[in-house]
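The values are calculated or read from the model by the stated rules, or taken from the named source; none is laboratory data. If you're wondering where the values come from, they're calculated on a predicted model, not measured in any experiment. So basically every Cβ, Gly included, is an ideal-geometry build from the backbone, and we count neighbours across all protein chains shown. What goes into the accessible areas is simple: the full protein's heavy atoms, side chains included, and nothing from ligands, DNA or RNA. Shrake-Rupley method; radii C 1.70, N 1.55, O 1.52, S 1.80 Å.
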There are 2 protein chains.
Amino acid sequence: MARIAGSSGPRTEEAIRRAGLQLLYTHGYAAMSLRQLAAEVGIQQGSLYNYFRNKQEFLFDLIRTHMQDLHAALDAALLREGSAAERLQRFVEFHVAYHIERPQQVFICYSELRSLEPDNLEVIVAMRRDYERKLGAILDLGRETGEFQLADTRMGTLAILAMLSGICNWYRPDGRLSTDAVQAIFTGMVLALARGEGEAAVQAPPAPLTRLAARLR
Amino acid sequence: MARIAGSSGPRTEEAIRRAGLQLLYTHGYAAMSLRQLAAEVGIQQGSLYNYFRNKQEFLFDLIRTHMQDLHAALDAALLREGSAAERLQRFVEFHVAYHIERPQQVFICYSELRSLEPDNLEVIVAMRRDYERKLGAILDLGRETGEFQLADTRMGTLAILAMLSGICNWYRPDGRLSTDAVQAIFTGMVLALARGEGEAAVQAPPAPLTRLAARLR
DNA sequence: GTCTATAGATGGATAGAC
DNA sequence: GTCTATCCATCTATAGAC
């Protein structure tokens, strides 16, 4: 993976981003050393400081850039017209495709929030809230038009995002299903979730189960 | 948080587990120092080695113990009779309650898999697969009886687990909803997901969306 | 922009007294 | 079982030559 020593400027910057992404994905922020990063790029460790002021700034830039790309791509893909179901389908297709194409970036943006210093974290969390709101607006619309029967649109938002974002934890390009197939299957599941009334199968209260779990704590 | 110096044996062991859980949850394995851990417990750092051979063994024990508890609690709660819908409802109620009661343990068991050495990871992944299979069996049963219309039960398993496990990322005891309310809402969403056919709202292929996302990469 | 060299701090783990 | 003291490795970040 080592590059030619002496390669300069933009090429090095891009190499650092790529290698950093891979190392963050594999080892995590705290376990990724700048010596490793420099070795992957093919430069000496001190030279990295020509590209960022410190390790934290490097992480923050990587995450913020990804969140900006995500928003831009969503805005380009999302329908502003059509039924709520159509918009939801577009959202799912977009989100699935984006997560399948950038599993590393997506994973880091979830898993390394804890590694951000408070001020930086605040910025990213705000961007994430905006993204959630765009899905929330679709679910709210669907409830107004009667297309969706969700008991709670906020919980629906969180459930759908968790379900879709989980894809980057198991999807493999050489796996059983193509991107299109995954998109189709998840679109079906999300639409069913949003439309269905999902009345309970059993009426008995779940309290005893909770106690059981507590006993084993 | 410091405890009385000189406290011995089982009390210290329990204190180490509790403090370790908190530190792993807050900072992660790589960023958690044994000096921090010892300080939280109220002992000196060297004394920790009376309770584990090294840091890795401590993490592994914590995760393995949690997975064992999870399996035992599920087996105690899961119906072996009844319709697939009833069993699925029980599964969701159990899983939600368990995750709400132990958000830290659950979070660590997902986020620190990367910190396990290969042999240890293998053990945990096998336990996790067993857990997934128990949900998968319910979905398969439902498809055989015609209760469920899932396009792909394996994807259904992954989707449901991601959706439910995401709860520990946002649930707060002092939040808007009680445990019972969260259980009821998620039961409804999961049952709707499993039952619904979820035909697409739009027939057009999603290929252009994928290209759009790629353009912004 | 890259290199070498190093400061300064912190980490996991061990040894031996009590 | 807990303490003190320490070894040795590794880390981020900086300084200055080329």
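Springs between Cα atoms under 10 Å define the GNM used for chain B, and in it the highest mean-square fluctuation of B:GLY20, B:GLY175, B:GLY196 occurs at B:GLY175. Surface composition of the stretch A:1-51: carbon and sulfur make up 49 percent of the accessible area, probe 1.4 Å.
Accessible area per residue of the stretch B:55-198 at 1.4 Å probe, in Å²?
For the stretch B:55-198, the solvent-accessible area averages 39 Å² per residue.
Among the residues of A:159-170, the average count of other protein chain beta-carbon atoms within 10 Å of the residue beta-carbon is 6.
Remark: mean inter-chain Cβ contacts per residue of A:42-52 equal 0, using a 10 Å Cβ-Cβ cutoff to other protein chain atoms. Look at the dipole of chain A built from charges on Cβ: of A:GLN104, A:GLN68, A:VAL92, the Cα furthest out on the positive end belongs to A:GLN104. In the context of the full set of protein chains, the stretch B:1-51 has a per residue accessible area of 61 Å² (1.4 Å probe).
Averaged over peptide B:178-191, the number of partner chain Cβ atoms lying within 10 Å of each residue's Cβ comes to 6. Converting phi to 3J(HN,Hα) with the Karplus coefficients 6.51, -1.76 and 1.60 and the offset θ = phi - 60°, the stretch B:170-183 yields 10, 5, 10, x, 9, x, 5, 10, 7, 4, 4, 5, 4, 4 Hz in sequence order, with x at every glycine or proline. The listed residues B:TYR51, A:TYR98, once ranked by accessible area (1.4 Å probe) with the largest placed first, stand as B:TYR51, A:TYR98. For q = 0.15, 0.16, 0.25 Å⁻¹, what log10 I(q)/I(0) does the stretch A:125-168 give under the Debye formula with an equal point scatterer on each alpha carbon and no solvent? Taken in order of the listed q values, log10 I(q)/I(0) reads -0.38, -0.42, -0.88. For the pair B and A, the buried accessible area comes to roughly 5300 Å² in total, with a 1.4 Å probe and the value rounded to the nearest 100. Every Cα-Cα pair of the stretch A:81-198 was included, and the share exceeding 16 Å stands at 62 percent. Placing unit charges on the Cβ atoms only, positive for Lys and Arg and negative for Asp and Glu, gives chain B a dipole magnitude near 720 debye about its Cα centre. Annotation: peptides B:124-130, B:145-151, ranked by per-residue average of other Cβ atoms within 10 Å with the highest first, follow the order B:145-151, B:124-130. How high is the relative contact order of chain B, in percent, with contacts defined as C-alpha pairs under 8 Å that are six or more residues apart? Rounded, it is 21 percent for chain B. Can you pull the percent of the stretch A:55-197's accessible area that's carbon plus sulfur, 1.4 Å probe, other chains left in place? It is 49 percent, rounded to a whole number.
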